1. Run R61 past the list (1) modelled with pLDDT of 95 or more; (2) assigned to a loop (DSSP other than H, G, I, E, B) and report the number of the one that doesn't hold.
2. Among the residues of segment 1-27, count how many are of a type outside the set (S, T, N, Q) and surrounded by 13 or more Cβ atoms within 10 Å (Cβ to Cβ).
3. Does N30 satisfy being among the polar types (S, T, N, Q) and surrounded by fewer than 15 Cβ atoms within 10 Å (Cβ to Cβ)?
4. Give segment 22-31 a look and list any residue that's under 10 Å from the mean Cα position of the chain (by Cα) and part of a loop (DSSP other than H, G, I, E, B), or say none.
Amino acid sequence: MNNTAASEAFVTTEEVANFLGKPSSWLYNNAHKLHVPRYRVGTQLRYRLSEVAAWVEQTGRIEQGGRR
């Protein structure tokens, strides 16, 4: 992880779902199986938007099963 990513604020599941144009339930149901980069902070999941954006660019996976 570079210094930029380390200093980037974490965002919530709802914020990432909005960024992806999906409901938060979609992200809760698919984050693990689609390998969306995420961190557990206590009992909650948190994300870095730059990592999620890079994941989308790299994998093209927005829909379950890899369809765009």
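1. R61 satisfies all of (1) modelled with pLDDT of 95 or more; (2) assigned to a loop (DSSP other than H, G, I, E, B) except (1).
2. Keep residues of segment 1-27 that are of a type outside the set (S, T, N, Q), which gives 1, 5-6, 8-11, 14-17, 19-23, 26-27.
Next, from what is left, pick out any that are surrounded by 13 or more Cβ atoms within 10 Å (Cβ to Cβ): 8, 10-11, 15-17, 19-20, 22, 26-27.
Residues meeting the conditions: 11.
3. Numbers: among the polar types (S, T, N, Q): yes; surrounded by fewer than 15 Cβ atoms within 10 Å (Cβ to Cβ): no.
No; evaluated as a whole, the condition is false for this residue.
4. Across segment 22-31, the qualifying residue is only A31.
The values are calculated or read from the model by the stated rules, or taken from the named source; none is laboratory data. Fair warning: this is a prediction, and the values are worked out from it, not measured in the lab. Every residue, glycine among them, receives a Cβ derived from its backbone with ideal geometry; neighbour counts consider all protein chains shown.
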